[in-house]
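Visitor: Okay, here's the structure, questions in a sec.
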Amino acid sequence: MVIVGIIAVCVVLAVLAFFVPRLSRHPERGTQRTLGVGSRAGSKAPGPLGRLFSKPFRSSSKAVGSSGSAGRRARGHMPF
């Protein structure tokens, strides 16, 4: 269920970044901040468990950032 939620957030951010690039930065940063909190909380587990628990949040944060930048980059390539 969480995977579907992250995919939905990425799609919404990509569409938002394509249509209104300036307004897409705030939701993107907010989502990355929220995922960063989860990553930091997961990394407090001892030993290898800390890396294991924080990895999904780090990869989700990277996905959110790349989908937002991809939407803005696609908007920049449009002729209008």
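Bear in mind these aren't lab numbers, they're just calculated from the coordinates by the rules spelled out. Just so it is clear, the structure is predicted and the values come from calculations on it, not from any experiment. Positions of Cβ are generated from backbone atoms using ideal geometry, with glycine treated the same way; all protein chains shown enter the neighbour counts.
Visitor: Taking Cα atoms of the chain, Rg/Rh with Kirkwood Rh, to two decimals? Could the numbers behind the result be given before it?
Guide: Numbers: Rg = 14.4 Å, Rh = 13.2 Å.
Ratio value, two decimals: 1.09.
Visitor: By how many degrees, between 0 and 90 and to the nearest 10, does the Cα long axis of helix 48-77 differ from the longest principal axis of the chain?
Guide: Approximately 0 degrees, to the nearest ten.
Visitor: Related question: Give, as a single signed number, the net charge of other residues whose beta carbon lies under 15 Å from the beta carbon of Pro27, with Lys and Arg counted +1 and Asp and Glu -1. Numbers along the way, then the final one.
Guide: Values: positive: Arg22, Arg25, Arg29, Arg33, Arg72; negative: Glu28.
My count for the surroundings of Pro27 gives +4.
Visitor: Right, something else. Give me the extension gain from Arg58 to Met1: residue separation times 0.36 nm, minus the current Cα-Cα distance, reported in nm with one decimal.
Guide: Working: separation 57, 0.36 × 57 = 20.52 nm, distance 1.74 nm.
Extending this stretch completely gives an extra 18.8 nm.
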